[in-house]
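Values in this text are rule-based calculations from the coordinates and carry no lab data. A quick note: this is a predicted structure, and the numbers were derived from the prediction, not measured. Cβ sites come from the backbone with ideal geometry, for glycine too, and all protein chains shown count toward neighbours.
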Amino acid sequence: MSLTIALRIKNNSDRAFTFGSSLVRVLNSTGDPLKSLLTLKKGKSFTVATGEELEASLQVLKHRWIDNGNQDLILEMKEASSVARVFRLAF
């Protein structure tokens, strides 16, 4: 049992950002992390240049799709730099 989501990440900021699979996690409604796996499209890297779009898939293990549309989950991506921006997306 797992949930797989297709992701498109577009960098609309004024600088590139780099992250890694260990810096991506999915949290439930109480803030607890769920087991998940981010897989990039073949040939892509974890650096997203300004204006670039990255395609990936996110697998949330031991979680089923909820039919009402709101999964009550948060995707959190931390930047791997000294600035260390954190991006959060509720879904």
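Worth pointing out:
- Overall, the chain carries a charge dipole of about 220 debye about its Cα centre when +1 sits on the Cβ of Lys and Arg and -1 on the Cβ of Asp and Glu, all other atoms neutral.
- Cβ-based net charge around VAL86, under 13 Å, with every Lys or Arg adding one and every Asp or Glu removing one: +2
- 13 Å Cα-Cα reach of LYS44 towards aspartates and glutamates, excluding residues that sit fewer than 8 places from it in its own chain: GLU52, GLU53, GLU55
- For the Cα trace of the chain, dividing Rg by the Kirkwood Rh returns an Rg/Rh value of 0.97.
- Local net charge near LEU23, Cβ-Cβ under 10 Å (Lys/Arg +1, Asp/Glu -1): 0
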